[in-house]
Amino acid sequence: MAGVVRRKPAGPHSQVWAKLRTLWQEKHLILFKPEYTLLVVSLLWLLEIGINVWVIQKVAYTEIDWKAYMDEVEGVINGTYDYTELKGDTGPLVYPAGFVYIFTALYYITSHGVNIRLAQYLFAVFYLITLLLVFRIYHRTKKVPPYVFFFVCCASYRIHSIFVLRLFNDPVAMLLLFGAINLFMDGHWTLGCGLYSLAVSVKMNVLLFAPGLLFLLLSEFGLIKTIPKLTLCAAIQLLLGLPFLMENPVAYMNRAFDLGRQFMFKWTVNWRFLPEWLFLSRYFHLLLLSAHLLTLLLFALRRWKRPGQSVFDLLKEPSKRKYPAQKNTIVLILFASNFIGMCFSRSLHYQFYVWYFHTLPYLLWSGGVKKLAHLLRVLILGLIELSWNTYPSTHYSSAALHVCHFIMLLSLWLAPAPDPTPTPNTTTPSSTPTPTTAHDDGGAPAKDKRQ
């Protein structure tokens with residue numbers, strides 16, 4: 001049409017300048033708007049490279065379990081597969097077979113475990129990969145303001161110590177676990193279950209996520225299609241443990257998966273205010289186990305499941321349910337399941353901090369107490385960090401830890417329940433159900449990759 005001037009579409013350079021201009025205009029909000037999570041965590045991750053190098057070079061390494069790990073895997077290398085005969089300086093081998101294989105690789109890479117400095121740098125790499133996986137979860141969910149991520153990485157002395165100054169096996173298990181959660185978020189449920197099982201084979205604490213994972217699998221697939229995924233998890237454990245099961249199956253099961261293991265009172269972080277006889281009491285342990293199971297059941301029935309929905313609906317295929325499958329918050333359910341286990345743990349040792357450290361901000365910002373302001377949330381993070389950094393633990397540090405746990409648990413309980421009045425499912429049994437768990441709060445929907 002004559003006289004009309006057509007505008008050319010903005011080129012890539014114009015778009016970049018527009019984004020930079022917006023960034024400059026909102027510079028005072030960068031640390032507070034979840035939209036800038038990727039920018040902030042990228043800078044923090046690069047900063048963490050320097051921090052880890054500085055810690056390794058300037059802070060003295062402390063020998064605790066590394067030599068024992070090397071002695072244990074050396075026994076396997078020398079042909080011993082009976083778990084009753086595998087031991088190190090700190091006691092018998094008490095970890096599943098996945099631990100043996102991974103630390104055997106580290107044994108050879110570090111010149112039979114002698115090159116401690118190289119081992120430290122390897123664990124620094126584990127730390128950085130873990131951060132990438134954790135930051136990806138937070139970037140996808142966009143629930144936590146970016147300034148909090150400073151406390152997730154740079155500010156925690158204890159976490160850096162667990163990774164690069166102590167070389168515990170706990171970080172290896174958590175790295176694999178966060179990898180599995182990323183796969184679940186992307187809809188790769190079968191691969192995620194396989195990686196989850198591998199994490200369990202490194203250290204048994206990953207089983208604390210199992211109740212939440214079972215709920216998600218049933219909600220997503222129903223009972224029939226959940227069974228193959230559970231079978232895969234079991235098959236991986238059987239395959240990894242086969243050499244040890246063939247030698248002495250009772251010893252392997254008793255040592256690698258010892259649920260009744262007794263902890264030493266001098267190392268406890270969470271129960272220092274109790275008398276030692278009560279801490280060691282089996283009745284106390286049964287009370288904690290009962291409280292743990294009851295709390296999980298209450299959360300599953302009242303907070304994770306849609307109100308009014310029958311429990312038996314979870315056993316059906318999603319297409320055959322009266323209502324469509326709930327858009328579950330994958331991250332919240334898994335993190336909450338683990339956190340509940342931590343709250344009722346018989347004992348928490350200092351390296352166990354890594355079991356839930358990276359999940360704490362997400363849980364705090366997922367709570368339902370509106371008056372739990374940003375400052376109070378940061379204060380809770382600080383008190384938890386202080387409790388784990390107090391050595392030896394005191395009555396006050398243990399009590400403070402339980403108070404923080406209770407506030408967080410109460411806040412999660414008061415979080416809004418799922419929508420009780422969904423639109424009825426109108427799909428026929430032969431129809432393909434709509435993917436429902438491929439995204440999280442604030443995250444963009446992913447492609448349907450359910451397996």
Answer with yes or no whether residue 255 is closer than 25 Å to residue 80 by Cα, touching a residue at least 60 places away in the same chain (Cβ under 8 Å) and within 23 Å of the chain's Cα centre (by Cα).
no
Determine, yes or no, whether residue 147 is within 24 Å of residue 31 (Cβ to Cβ), assigned to a helix (DSSP H, G or I), open to solvent by 10 Å² or more (accessible area, probe 1.4 Å) and of a type in the set (Phe, Trp, Tyr).
yes
The number of residues in the stretch 308-325 that are open to solvent by 50 Å² or more (accessible area, probe 1.4 Å) and touching a residue at least 24 places away in the same chain (Cβ under 8 Å) is 7
Hey, could you check the stretch 267-283 for residues that are in a helix (DSSP H, G or I) and touching a residue at least 60 places away in the same chain (Cβ under 8 Å) and say which is surrounded by the fewest Cβ atoms within 10 Å (Cβ to Cβ)?
267
Of all residues in the stretch 58-77, count the ones that are within 24 Å of residue 246 (Cα to Cα), surrounded by fewer than 20 Cβ atoms within 10 Å (Cβ to Cβ) and not aliphatic (A, V, I, L, M).
3
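Might you check whether a residue that is hydroxyl-bearing (Ser, Thr, Tyr), under 30 Å from residue 124 (Cα atoms) and at pLDDT 95 or above occurs anywhere in the stretch 200-211?
To start, the set of residues in the stretch 200-211 that are hydroxyl-bearing (Ser, Thr, Tyr) comprises 201.
Okay, now just the ones that are also under 30 Å from residue 124 (Cα atoms), so 201.
Applying the additional criterion that residues be at pLDDT 95 or above yields 201.
So far as the stretch 200-211 goes, yes, one or more of its residues are hydroxyl-bearing (Ser, Thr, Tyr), under 30 Å from residue 124 (Cα atoms) and at pLDDT 95 or above.
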Taking the stretch 347-377, which residues are of a type in the set (A, V, I, L, M), touching a residue at least 12 places away in the same chain (Cβ under 8 Å) and open to solvent by 30 Å² or more (accessible area, probe 1.4 Å)?
369
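Which ranges mark the helices (runs of 4 or more DSSP H) fully within the stretch 321-413 that have 1 or more residues being of a type in the set (Val, Ile, Thr) and touching a helix residue (DSSP H, G or I) at 6+ places or on another chain (Cβ under 9 Å)? Write out each step before concluding.
On the way: elements: 330-343, 360-364, 374-389, 395-413.
In the stretch 321-413, 330-343, 374-389, 395-413 are the helices (runs of 4 or more DSSP H) which contain 1 or more residues that are of a type in the set (Val, Ile, Thr) and touching a helix residue (DSSP H, G or I) at 6+ places or on another chain (Cβ under 9 Å).
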Would you check if residue 291 is in contact (Cβ under 8 Å) with a residue 40 or more places away in the chain and crowded, with 18+ Cβ neighbours inside 10 Å?
no
In the stretch 92-101, residue most open to solvent (accessible area, probe 1.4 Å) [restricted to those that are part of a helix (DSSP H, G or I) and not hydrophobic (A, V, I, L, M, F, W, C)]:
101
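If I filter the stretch 112-158 down to residues being among the β-branched types (Val, Ile, Thr) and within 14 Å of the chain's Cα centre (by Cα), which single residue comes out as modelled with the lowest pLDDT? Spell out the reasoning first.
Going residue by residue through the stretch 112-158, those that are among the β-branched types (Val, Ile, Thr) are 114, 116, 125, 129-130, 134, 137, 141, 144, 148, 152.
When the remaining residues are screened for being within 14 Å of the chain's Cα centre (by Cα), the result is 129-130, 134, 137, 152.
Values: 129: 98, 130: 97, 134: 97, 137: 96, 152: 84.
Per the criteria, the residue is 152.
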From the option list 68, 119, 105, single residue qualifying as of a type in the set (Gly, Ala, Ser) and in contact (Cβ under 8 Å) with a residue 40 or more places away in the chain is 119
Within the stretch 79-91, residues in contact (Cβ under 8 Å) with a residue 40 or more places away in the chain and either open to solvent by 60 Å² or more (accessible area, probe 1.4 Å) or in a helix (DSSP H, G or I) (or both) come out as 81, 83, 84
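Can you work out which of the residues in the stretch 249-264 that are open to solvent by less than 30 Å² (accessible area, probe 1.4 Å) and either hydrophobic (A, V, I, L, M, F, W, C) or touching a strand residue (DSSP E or B) at 6+ places or on another chain (Cβ under 8 Å) (or both) is modelled with the highest pLDDT?
At the first step, the residues of the stretch 249-264 found to be open to solvent by less than 30 Å² (accessible area, probe 1.4 Å) are 251-252, 256.
Checking the rest, the ones that are also either hydrophobic (A, V, I, L, M, F, W, C) or touching a strand residue (DSSP E or B) at 6+ places or on another chain (Cβ under 8 Å) (or both) come to 251, 256.
Details: 251: 95, 256: 92.
Looking at residues that are open to solvent by less than 30 Å² (accessible area, probe 1.4 Å) and either hydrophobic (A, V, I, L, M, F, W, C) or touching a strand residue (DSSP E or B) at 6+ places or on another chain (Cβ under 8 Å) (or both), I get 251.
Scan 121, 107 and give me the residue that is aromatic (Phe, Trp, Tyr), more than 25 Å from residue 46 (Cβ to Cβ) and out of contact with any Cys (no Cβ under 7 Å at 6 or more places or on another chain).
Details: 121 fails: more than 25 Å from residue 46 (Cβ to Cβ).
After ruling out the rest, the residue left standing is 107.
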When residue 37 is run through (1) within 30 Å of residue 145 (Cβ to Cβ); (2) touching a residue at least 60 places away in the same chain (Cβ under 8 Å); (3) open to solvent by 60 Å² or more (accessible area, probe 1.4 Å), the failure sits at (3)
When you scan the stretch 102-144, how many residues do you find that are part of a helix (DSSP H, G or I) and more than 30 Å from residue 37 (Cα to Cα)?
12
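The values are calculated or read from the model by the stated rules, or taken from the named source; none is laboratory data. No experiment lies behind these values; they were computed from the predicted model shown. Quick reminder, even Gly has a Cβ in these numbers, built from the backbone with ideal geometry, and neighbours come from all protein chains shown. Note: areas computed on protein heavy atoms with side chains; ligands, DNA, RNA excluded. Shrake-Rupley method; radii C 1.70, N 1.55, O 1.52, S 1.80 Å.
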